[in-house]
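The values are calculated or read from the model by the stated rules, or taken from the named source; none is laboratory data. Everything numeric here is computed off the predicted structure, so don't read it as measured data. Neighbour counts are summed over all protein chains in view; Cβ atoms, including those assigned to glycine, are modelled from backbone coordinates with ideal geometry. Accessible surface is based on the protein model in full, side chains and every heavy atom, while ligands, DNA and RNA are left aside. Shrake-Rupley method; radii C 1.70, N 1.55, O 1.52, S 1.80 Å.
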Amino acid sequence: MIHILGKIPRTVAVAVSGGIDSMAVLDFLRRGKRDITVLHYNHSTPFAGAAEGLVREYCRTYALPLLTEKNEAEAPSGASMENFWRKQRYSFFAKVNLPIITCHHLDDAVESWVFTSMHGNPFLIPHKRDNFIRPFLITEKSELSYWAITKNVPYISDPSNNETKYQRNYIRHKMMPHVLRINPGIKKTIKKKYLNLETQNA
């Protein structure tokens, strides 16, 4: 079951990559009868054209406004591609004067907390920051995947998500199975932290 943290405004923009998580979030919110503008950033990677095409087709099917931008810049020599793509993407988002929903989920939150803990500063992905809202931080990725599959939501799988040369993927594919073996309840712990923060801020 998809669980929501906090309240979602009636009129929002939704950041959509075309992957299973963001397509599930978009479909979930669309069925909630909200006024949605879809945001898609094309990173100019080999897989980016197919992802943009899928998002465009979904928006065309359901008459959803779509804003896109394509990366034309080259990453500085030696720069982390993950950080470069993130900065380019958020530069695009900064042009949008709406609450922006991202599809960060509980698995993302746990991975982020584990990574930052290793650097001595445990950090929870914030539920809200500036005009960004992350309502799905207490929903597991498996629930978003289940929504997409059972509702026949189209999505695209980028092969680069399995490349462990990227730090995020290394944590997800190599580290997290061991973390969950040592502490099977870590997702419940992080979820409880978010729910406690929500109660405190109510």
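Worth pointing out:
- Modelled this way, with points 7 Å down the Cα-to-C-beta line, the labels at residue 69 and residue 129 are 1.8 nm from one another.
- Extending 7 Å from the Cα toward the beta-carbon at both residue 179 and residue 94 defines two label points whose distance is 2.9 nm.
- The mean sequence distance of close C-alpha pairs (under 8 Å, at least 6 residues apart), as a share of the length of the chain, puts its relative contact order at 29 percent.
- Residues of the chain: accessible area per residue with a 1.4 Å probe, Å²: 57
- When its C-alpha radius of gyration is set against 2.2 N^0.38 Å (N residues), segment 1-117 gives a value of 1.12.
- MRE, 222 nm, helices only [DSSP H, n ≥ 4, -39500 (n - 2.57), over the chain, to nearest 500]: -13500 deg cm²/dmol
- Label-to-label distance for residue 33 and residue 197 is 3.2 nm, based on points extended 7 Å past Cα in the beta-carbon direction.
- Mean Cβ neighbour count within 10 Å, used as a protection proxy, ranking 109-118, 130-139, 146-155 highest first: 130-139, 109-118, 146-155
- Protein accessible area in the chain, 1.4 Å probe - carbon and sulfur %: 52
- Largest to smallest in accessible area, the residues 27, 35, 21, 158 fall in the order 35, 158, 21, 27 (1.4 Å probe, all protein chains included).
- The local environment of residue 88, defined by Cβ-Cβ distances under 13 Å, has a net charge of +1 under the rule Lys, Arg +1 and Asp, Glu -1.
- Computed over every Cα-Cα pair of segment 82-173 and binned at 10 Å starting from 0, the pair-distance distribution P(r) comes out as 14, 37, 42, 7, 0 percent.
- For residue 44, distant residues with modelled amide H under 5 Å away: 71
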